[in-house]
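Enquirer: So that we are looking at the same thing, I have put the structure below in structure tokens.
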Amino acid sequence: MKAKKIAALVLVAAMTLSLVACGGSSSSSSDSSSSDSSTSTSSSGGTTFTFGCDYFSEYIDPSVNVNSAWSLVRFGVGETLFAFDIDGVAQENLCDEATTDDYITWTLHIRNDVTFSNGTALTASKVTDCWDMMYEKEAAGGASVPSQFLSGATYTADDSTNTITIVCEGTTTNLKGILAYPYFAVIDLDVYEEGVVDSVVGTGPYVLDSYEEATSKTFVKNENYWNGEVPYDGYTAIYMSDSTTKAMAIQSGTVDVVENITTSSDLETLSADSTYTIVSTAGGRLANTYFNFQGLLANDTLRQAIQLAIDDETMCNVTVGGIYTAGVGVLPSSMDFGSEQLTDPYEYDLDAAVALLDEAGIVDTDGDGVREIDGENINLTYLAYESRQLQTFAEAVSTVLNSIGIGVDYQVMTYDTILEAQENGAFDMVTANSIIVPTGNPDAFLGYFYSGNSDGYGYYSNDEYDALYEELIVSTDDDRKAEIYVEMQQILIDDAATIVHGYYNSSITYNNTVIQGVEMYPLDYTWITTDWAPVE
């Protein structure tokens, strides 16, 4: 028997996508392209495919940061005890039975037929060893924060029955969803070496074989996979961030599958060609901009004027080509979180934004074109990264604000740089694109604005919001939770706490003449599965 106390940390938020670069040696990936398609016959007689995707992290180590945890699961190397299905419901996976009488004490049975890709048996203590490592690294200042989702619990592993007993700090109705998050993916710590990219061994259908730093990764079939036949001998993931580059790559046959083409013209071209299928899921992600409340944006009038100056409908429908749906609340309108009950006191009105600033004395006194607050020019540092058109939103917002005398220094940065800036509060505005329901409900996301969590998200604080959040995370009354979702969103709107740009449609495009079974899951840390198979 083995017991471990999870540090009772205040819920810490770290969902913004991040990247940690890896140094050291790398090995070359094989070129699997052909004149007609990148699917090819491997030396073992099987087949491979090629996947074009953004460069999110060099690592597939869940302890490095949120992005590397997602990469572990997305690339089919690591798995969690539970996994979300195509409807966003957490189902049994490495755990085949979960029981509880009171939603505080849970008993989880680990499947008896699972091994890691190296042949080592998966046991209950192997699982809790991974959790120990994750919480210990978080306590030491690591970027991955499992306590964001499960804090203050104890867990005990019993290998004789292959069960784990978890005693939660309070009522936890969504434990399956929590343990489906990639922070809780299981790897074999007996062979793991911190900082060594290819030392991560999981239970998934594929195994990392080689990589070219910041360029590609090559994976091979897990010959010991527990959950059915793996259709491919392997695949290569090629990093490409530019949307048009992705579109050109699949049209040329360089890749078979690409994620998140975001240019409307490319989507129209591919949609018109029967060779390609685009699968997408609506509303699971929010694009927004956080304000730093410890700088000039602590000024209520300035934030309100910014909200009035931004035409989100035009930005979503025209500027980024309709790949987002505009909205006012932080929870997507396509989901049942009460969006129709919200009111927006800051609907787009550029003239009203200018008048509001003028009336508050936030004016340009020296004629340099930039307004001032308390004699200081308003020069806001606005950070954005190139993903899902976030940089396009930031550029458009910057242009509008500069036009009315709000100075903005717009900067495009890499994920790791932005994460560091957020952690240090070194920004005035920063874009983000986050899954709103990371564990099957939006509670964790709403925790970004809780004062105990908000340091990396701009130091927002509102006592009424905090009280509602504290009620939300312990409530088992679905009707009351629905009311709280509306109340919390309205507080954020009234406080002009964040710019809500819109709700994103994640998508995957594939060549349907060579590959089949590709789906886009609403919780998009599921990408490559054994459903992806060659066309017969």
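The values are calculated or read from the model by the stated rules, or taken from the named source; none is laboratory data. For clarity, every value in this text was computed on a predicted model and none was experimentally measured. Note that each Cβ is placed from the backbone with ideal geometry, even for glycine, and that neighbours are counted across all protein chains shown. For accessibility, only protein heavy atoms count, side chains too; no ligands or nucleic acids. Shrake-Rupley method; radii C 1.70, N 1.55, O 1.52, S 1.80 Å.
Enquirer: For segment 152-207, build the convex hull from the C-alpha positions and give me its volume per residue in Å³.
Expert: Numbers: hull volume 7.3 nm³, N = 56.
Residue-normalised Cα hull volume stands at 131 Å³.
Enquirer: Could I ask something else about it? Of all DSSP beta bridges in the chain, what percent run antiparallel (nearest 5)?
Expert: On the way: 65 of 81 bridges.
Taking every DSSP beta bridge within the chain, about 80 percent pair in antiparallel fashion.
Enquirer: Only helical DSSP H runs with n ≥ 4 go in: add -39500 (n - 2.57) per run for the chain, normalise by residue count and round the 222 nm mean residue ellipticity to 500 deg cm²/dmol. Each step should come with its number before you reach the end.
Expert: On the way: 12 runs with 123 residues, N = 536.
Using -39500 (n - 2.57) per qualifying helix, the result is -7000 deg cm²/dmol.
Enquirer: So, how do all the Cα-to-Cα distances of segment 321-414 break down into 10 Å bins, in percent, from 0 on up?
Expert: Result, from short to long distances: 14, 33, 34, 18, 2 percent.
Enquirer: Under 11 Å from a label point 7 Å along Cα→Cβ of residue 264: give me every residue in segment 288-323 with its amide N that close.
Expert: Under 11 Å, as judged by backbone N against the label point of residue 264, lie 314-323 of segment 288-323.
Enquirer: Give me the tail of P(r) for segment 252-377 as a percent: Cα-Cα pairs with distance above 21 Å. Mind dumping the intermediate values first?
Expert: Values: 4582 of 7875 pairs.
I get 58 percent for the Cα pairs in segment 252-377 exceeding 21 Å.
Enquirer: Considering only protein heavy atoms and a 1.4 Å probe, what is the carbon-and-sulfur percentage of the accessible area of segment 65-170? Spell out each step's value before the answer.
Expert: Numbers: 1640 of 3490 Å².
On segment 65-170, the fraction of accessible area on carbon and sulfur atoms equals 47 percent.
Enquirer: Another question, then. For segment 452-513, take N as its residue count and report Rg(C-alpha) divided by 2.2 N^0.38 Å. Mind showing how you got there, number by number?
Expert: Working: Rg = 16.7 Å, N = 62, 2.2 N^0.38 = 10.6 Å.
Segment 452-513 yields a ratio of 1.58.
Enquirer: Measuring with a 1.4 Å probe in the full set of protein chains, what accessible area per residue, in whole Å², belongs to the chain?
Expert: Values: 19590 Å² over 536 residues.
Ligands and nucleic acids excluded, the figure is 37 Å² per residue.
Enquirer: Using a 1.4 Å probe and counting only protein heavy atoms, arrange 308, 350 so the residue with the most accessible area comes first. Present the calculation step by step, with values, prior to reporting the outcome.
Expert: Numbers: 308 20, 350 55 Å².
Output order, biggest surface exposure first: 350, 308.
Enquirer: Around residue 122, which amide H atoms from residues at least 5 apart in sequence, or from another chain, sit under 5 Å from its own amide H, with H modelled in the peptide plane?
Expert: Amide H to amide H, under 5 Å and 5 or more residues apart or across chains, residue 122 pairs with 114, 115, 116.
Enquirer: Mean separation of Cα pairs under 8 Å and 6+ residues apart, divided by the residue count of segment 381-536: what relative contact order is that in percent?
Expert: On the way: 154 pairs, mean separation 23.9, N = 156.
Answer for segment 381-536 is 15 percent.
Enquirer: Long-range amide H contacts for residue 210: which residues qualify at under 5 Å (H placed 1.01 Å from N, peptide plane, sequence gap of 5 or more or a different chain)?
Expert: 218
Enquirer: Relative contact order for the chain using alpha-carbon pairs under 8 Å, separation at least 6, rounded to a whole percent? Walk me through the numbers before you get to the answer.
Expert: Details: 1226 pairs, mean separation 112.2, N = 536.
Relative contact order here is 21 percent.
Enquirer: Okay, next question. Which number comes out as Rg/Rh for the chain once both Rg and the Kirkwood Rh are worked out on C-alpha atoms? Please report the intermediate quantities before stating the final value.
Expert: Values: Rg = 23.6 Å, Rh = 24.2 Å.
Over the Cα atoms of the chain, Rg/Rh equals 0.98.
Enquirer: Within the chain, how many Lys pairs sit with Cα atoms under 29 Å apart, leaving out pairs fewer than 8 places apart on the same chain?
Expert: Within the chain, the lysine pair count is 20.
Enquirer: Using the Cα centre of the chain as origin and beta-carbon charges of +1 (Lys, Arg) and -1 (Asp, Glu), tell me which of 309, 399, 362 is placed farthest towards the positive end of the dipole.
Expert: So the residue we want is 399.
Enquirer: Carbon and sulfur: what percent of segment 180-235's accessible surface (1.4 Å probe)?
Expert: Working: 720 of 1940 Å².
C and S atoms contribute 37 percent here.
Enquirer: While we're here: What percent does the relative contact order of segment 230-330 come to when contacts are Cα pairs within less than 8 Å and at least six residues apart?
Expert: Details: 49 pairs, mean separation 20.4, N = 101.
This gives 20 percent for segment 230-330.
Enquirer: Just the number, please: Stokes-Einstein D of segment 416-536 in µm²/s, Kirkwood Rh from C-alpha pairs, 25 °C, 0.890 mPa s.
Expert: Numbers: Rh = 17.1 Å.
D, rounded to a whole number, is 143 µm²/s.
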